[in-house]
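Undergrad: Could you have a look at this structure, given as structure tokens, before my questions?
The values are calculated or read from the model by the stated rules, or taken from the named source; none is laboratory data. Quantities reported herein were computed from a predicted structural model and do not represent experimental measurements. Cβ placement follows ideal geometry from the backbone for every residue including glycine, while neighbour counts extend to all protein chains displayed.
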Amino acid sequence: MKYDFISDIHGCFTELCELLSALGYQQNGKGFFHPGDRKAVFVGDITDRGDNSVEVIQLVSEMVSSDQAVYVPGNHCNKLYRYLIGRPVTINHGLETTVYEINSLTASKRKDIISTFLDLYKNAPLYASFDDEKVVAAHAGLTESLYGSYSKEAERFVLYGDVTGRKDKNGLPIRGDWAQLYLGSRLVVYGHTPVLSARYVNKTVNIDTGCVFGNALTAFQYPEEKTLSVPSSYSFVPAKFPFDDVNMTM
């Protein structure tokens, strides 16, 4: 089996369809399938900020349920899940766009999409490994010491990364650059912190190329270890996120 890893879709449905088509997937109802021996891996944060989170949820869910894809959650997925099950969360940082979409649906469609997302999330592994554990998909990354653990510490790291507790001048979190210290044998494919192009450090690759911020949506193809990107239809806003290493600290 070969894999196509895609991270941080953030409601960019049009770009997701374009990317899957460029990768050789063919549309089948609400989802896509690959005629060859390939499977998509969605590495978290499929919703929020973009215009079509509901359609992305439907597509990802359809592909997972038909065994055409694997999905692992991100921090935005976790927050949407907590909101939908009635836990107190602040509706900000993009969640407001997904909530607006869901609330704009008819009652029956709203019930269906909530059920669809809850099933998708509850059945998702925290992170997933492939090819006899040679490669791992984890939304914000995974250190070697946490591999195999599903503790609260592992969950925090997978969802939020190496949190420093500090913020930049724009009020955004400054994240530690865990990849610089990674010495593990497994290849870790992750996203969470946008970069201009796929970022290779040690045996890690960050494939969040900030589609919703106007850059691109990128897939990492394994075992070829190649990337394929489609341009974003959104306006480029580099001030919103660190598209380079400016805000990355050891």
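Undergrad: Filter segment 229-248 down to residues that are surrounded by fewer than 18 Cβ atoms within 10 Å (Cβ to Cβ) and at pLDDT 95 or above and give me whichever is farthest from Val56 (Cα to Cα).
TA: Pro231
Undergrad: Moving to a separate point now. Write out, first by first residue and then by second, each pair whose Cβ atoms fall under 6 Å of each other, whose residues are 6+ apart or on separate chains, and whose first residue, in segment 83-98, is buried (at least 18 other Cβ atoms within 10 Å of the Cβ) while the second is among the polar types (S, T, N, Q).
TA: Taking only residues 6 or more apart or on different chains, the pairs are Thr98/Thr47; Thr98/Ser53.
Undergrad: A further question follows. With the requirement that a residue be more than 11 Å from Ser229 (Cα to Cα) and part of a helix (DSSP H, G or I), what does segment 1-24 give you?
TA: Result: Phe13, Thr14, Cys17, Ser21.
Undergrad: Something else about it: For segment 150-160, check the following and say yes or no: at least one residue is of a type in the set (A, V, I, L, M) and either loosely packed, with under 14 Cβ neighbours inside 10 Å or out of contact with any Leu (no Cβ under 6 Å at 6 or more places or on another chain) (or both).
TA: Going through segment 150-160, the residues of a type in the set (A, V, I, L, M) turn out to be 154, 158-159.
Going one step further and asking which of them are either loosely packed, with under 14 Cβ neighbours inside 10 Å or out of contact with any Leu (no Cβ under 6 Å at 6 or more places or on another chain) (or both), we end up with 159.
Yes, because at least one residue in segment 150-160 is of a type in the set (A, V, I, L, M) and either loosely packed, with under 14 Cβ neighbours inside 10 Å or out of contact with any Leu (no Cβ under 6 Å at 6 or more places or on another chain) (or both).
Undergrad: Can I ask one more? For segment 6-24, which positions are buried (at least 23 other Cβ atoms within 10 Å of the Cβ) and on the phi < 0 side of the Ramachandran plot?
TA: Correct list: Ile6, Ser7, Ile9, Cys12, Glu15, Leu16, Leu19, Leu20.
Undergrad: Among the candidates Ala137, Ala198, Ala179, which residue alone is more than 20 Å from Arg82 (Cβ to Cβ), surrounded by 18 or more Cβ atoms within 10 Å (Cβ to Cβ), in contact with a Lys or Arg (Cβ under 9 Å, 6 or more places away or on another chain) and hydrophobic (A, V, I, L, M, F, W, C)?
TA: Ala179
Undergrad: Here is a follow-up. So, of the residues in segment 52-68 that are within 12 Å of Phe117 (Cα to Cα) and touching a helix residue (DSSP H, G or I) at 6+ places or on another chain (Cβ under 6 Å), which turns out to be surrounded by the fewest Cβ atoms within 10 Å (Cβ to Cβ)?
TA: Only one residue fits best here, namely Glu55.
Undergrad: Let me ask something additional. Of all the residues that make up segment 68-102, how many are in a loop (DSSP other than H, G, I, E, B), in contact with a Lys or Arg (Cβ under 7 Å, 6 or more places away or on another chain) and more than 30 Å from Asp37 (Cα to Cα)?
TA: Count: 2.
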